[in-house]
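Q: There's a structure below that I have some questions on.
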Amino acid sequence: MFEGFSNMVLASAIEPLRAARDLSGRRLFSWQLCSLDGDAIASSSRALIGADLPLARVGATDALILVAGYGMRNHLNHDSSAAVRRMARGLPMVGGLDTGAWLLAQMGLLGGRRATIHWMERQELAENFPELEVIDAPYVVDGNIVTCGDAQSVLSWSLDLIGTYADEALRFDVANMFGRVESLDERATAHGLAGRLSDQRLPIALQRAIISMRQTAEQPLRLPDIAERVALSTRGMDRLFHTYLGVPAGEYYRQIRLSHARALALETNLSLYEIASRTGFSSPSTLARAYRIKFGETLRQRKAGDTSSSTSRF
């Protein structure tokens with residue numbers, strides 16, 4: 001675990017495996033939580049999660065999974081990178097959850113690989129590490145490397161582990177416990193949607209519209225173009241947003257762009273002008289005004305490094 005990780009991501013990885021053990025009566029999976037030095041780690045919500053042991057004391061294992069969230073650019077130095085690489089050497093599975101792929105890329109473990117990351121960081125990952133192929137997918141397995149995005153994607157991966165190492169019946173039973181049962185023809189669409197665990201209950205056309213908005217947060221499209229992508233009229237798409245989410249389509253899209261601006265302010269050294277340009281606002285002042293109304297703080301305050309109230313990636 002690395003400071004700033006999402007509790008939701010960690011739980012989405014471990015709780016289904018725990019449920020699989022409970023329901024099957026078999027010790028299908030086991031795990032230990034570790035940190036670099038063995039100390040407790042503060043999550044993005046500032047909850048302290050205790051580590052079972054330091055990384056250097058982890059014994060024989062089949063997998064090493066890095067769980068990271070905010071601040072991933074500052075987690076590793078030369079010594080810690082070397083320690084993680086030593087532990088990862090020769091393992092059947094090495095993974096990165098949420099922004100863990102960034103750490104794997106920093107250590108040179110993703111060169112020539114396909115990988116994914118939390119949807120807010122995909123563009124940044126691709127720009128900073130051109131030697132890897134960034135995939136728009138809930139999770140990606142390339143050889144012994146697995147990378148996942150948001151908590152729902154991690155849940156998908158964890159459930160699929162159960163299906164692989166146990167059977168589909170147990171996978172179904174565990175998914176049912178977590179309210180994550182969908183028809184097979186809906187599964188691909190539902191897993192592509194970063195958000196609430198109940199998002200798969202939204203109409204498919206609305207899911208696709210949300211996915212399209214999130215994918216284009218850095219190069220916003222006109223609402224008619226989004227509607228055309230999902231085979232709806234602009235008015236019909238807006239009606240769906242009003243009915244199921246209680247906001248107009250344009251307002252929802254604006255919220256996505258503002259949240260992305262917030263992440264860029266916290267995680268990058270981009271200027272306010274560059275952030276405005278990358279999130280489709282006409283000027284820094286237009287972005288600043290919308291941001292202050294939405295979050296009750298200025299973007300400059302967010303760039304100054306106040307992470308105590310930062311919103312976790314889901």
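The values are calculated or read from the model by the stated rules, or taken from the named source; none is laboratory data. Note that the structure is a prediction, hence the values are computed from the model and not measured. Note that we place each Cβ from the backbone using ideal geometry, even for glycine, and neighbour counts take in every protein chain shown. Surface accessibility is based on the protein's heavy atoms, side chains included, excluding ligands, DNA and RNA. Shrake-Rupley method; radii C 1.70, N 1.55, O 1.52, S 1.80 Å.
Q: Using the Kirkwood radius over C-alpha pairs as Rh, can you work out the diffusion coefficient of region 1-144 via Stokes-Einstein at 25 °C, viscosity 0.890 mPa s, in µm² per second?
A: In µm²/s, the coefficient rounds to 156.
Q: Based solely on C-alpha atoms, express the radius of gyration and the Dmax of the chain in angstrom.
A: Spelled out, the Cα radius of gyration and Dmax of the chain are 19.9, 59 Å.
Q: Same structure, new question: Compute, for residue 113, the solvent-accessible surface of its heavy atoms (probe 1.4 Å) with the complete set of protein chains present, and express it in square angstrom to the nearest 10.
A: 60
Q: How big is region 229-275 by Rg and Dmax over its Cα atoms, in Å?
A: 14.4, 39
Q: Under 13 Å from the Cβ of residue 53, count the other residues' Cβ atoms, weight Lys and Arg +1, Asp and Glu -1, and hand me the total.
A: My count for the surroundings of residue 53 gives -2.
Q: Expressed as a fraction of 2.2 N^0.38 Å, the rule-of-thumb size for a compact globular protein of N residues, what is the C-alpha radius of gyration of region 68-181? Could you put the intermediate results ahead of the total?
A: Working: Rg = 14.9 Å, N = 114, 2.2 N^0.38 = 13.3 Å.
Taking the Cα Rg and dividing by 2.2 N^0.38 Å, one obtains 1.12.
Q: Averaged per residue, what accessible area in Å² does the chain show with a 1.4 Å probe, protein chains only? Walk me through the numbers before you get to the answer.
A: Details: 14630 Å² over 314 residues.
Averaged over the residues of the chain, the accessible area is 47 Å².
Q: Turning to a different aspect of this structure: Between residue 48 and residue 11, what is the FRET efficiency for a Förster distance of 22 Å, r being their Cβ-Cβ separation, to the nearest 0.05? Numbers along the way, then the final one.
A: On the way: r = 15 Å, r/R0 = 0.69.
Computed FRET efficiency for residue 48 and residue 11 comes out at 0.90.
Q: Heavy atoms only, 1.4 Å probe, whole protein assembly: order 65, 145, 211, 293 by accessible area, highest first.
A: 293, 65, 211, 145
Q: Give, as a single signed number, the net charge of other residues whose beta carbon lies under 12 Å from the beta carbon of residue 39, with Lys and Arg counted +1 and Asp and Glu -1.
A: Every neighbour counted, the sum reads -3.
Q: Using the Cα centre of the chain as origin and beta-carbon charges of +1 (Lys, Arg) and -1 (Asp, Glu), tell me which of 221, 28, 11 is placed farthest towards the positive end of the dipole.
A: Sorting the options by dipole projection puts first 221.
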